Amino acid sequence: MFEGRDFSRGENSEYNVMYHFYLNFNNFKTRQYITANCVIQDEISRRNGKVVIISFGLREGALKWLQETQCPFDMLLDPRRQIYHAFGLKRSVYKVWSVAAMVYYAEQMMEGKPLPKPYENIHDDTQQMGGDFILDKEGRVKFLYPSKTSRDRPDISVILDVLKKIQ
């Protein structure tokens, strides 16, 4: 885990980098999305891509989340939300806690899927909206996808197509 590190240069300059923002450590849909990225990690690598997760959460929560999920990706912390704001991401009570989001969580519970529980003594801003971004090796934005709701993520095939085009 790194704080304030620039993944578009230095030791990672040979990669086209996908930055993935997420809402908080307890967002169920985000966990599913990251799992999907893990499944296709080899394909992302073949397209000269590298997944980097960016969190605006606290270091303690990030360490706990990384341990709990066994996430294989590098994580960058952006506690002052500099990167977050640079990409124009927003906060929204309405979009995070919409009726559609509540229905989704109810469906997950009915299927017997355990929902993540908040970490004790670690406060996170659950109203932050996420997004997905791909930068080329020069740090130019090649793909920008700010999430429209808490469940909204681009299809993995879209990510792979963009990486293939800028390879």
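The spacing between segment 64-105 and segment 147-167, judged by their C-alpha centroids, is 16 Å.
Assuming 0.36 nm per residue, please report the length gained on full extension of the stretch Glu107 to Val39 beyond their Cα-Cα distance.
Details: separation 68, 0.36 × 68 = 24.48 nm, distance 2.34 nm.
Answer, rounded to one decimal: 22.1 nm.
Consider a paramagnetic label point 7 Å from the Cα of Glu138 along Cα→Cβ; state which residues of segment 148-167 have an amide N under 14 Å from it. Flagged as within label range: 166-167. Packing-based ranking of 95-108, 74-87, 47-60, 141-154 yields 47-60, 141-154, 74-87, 95-108, ordered from highest to lowest mean Cβ neighbour count within 10 Å. As a rough footprinting exposure proxy, the listed residues Asp136, Asp161 were ranked by other beta carbons within 10 Å of their own, and the order from fewest upward is Asp161, Asp136.
Structural size metrics of segment 25-167, computed from C-alpha coordinates, are Rg and Dmax of 15.4, 46 Å. Shown for Glu120, Glu43: other C-beta atoms within 10 Å of each C-beta, ranked fewest to most, produce the order Glu120, Glu43.
Here, each number is a calculation from the coordinates, and none is a lab measurement. Because the structure is predicted, anything quoted here is derived from the model rather than measured. Neighbour counts are summed over all protein chains in view; Cβ atoms, including those assigned to glycine, are modelled from backbone coordinates with ideal geometry.
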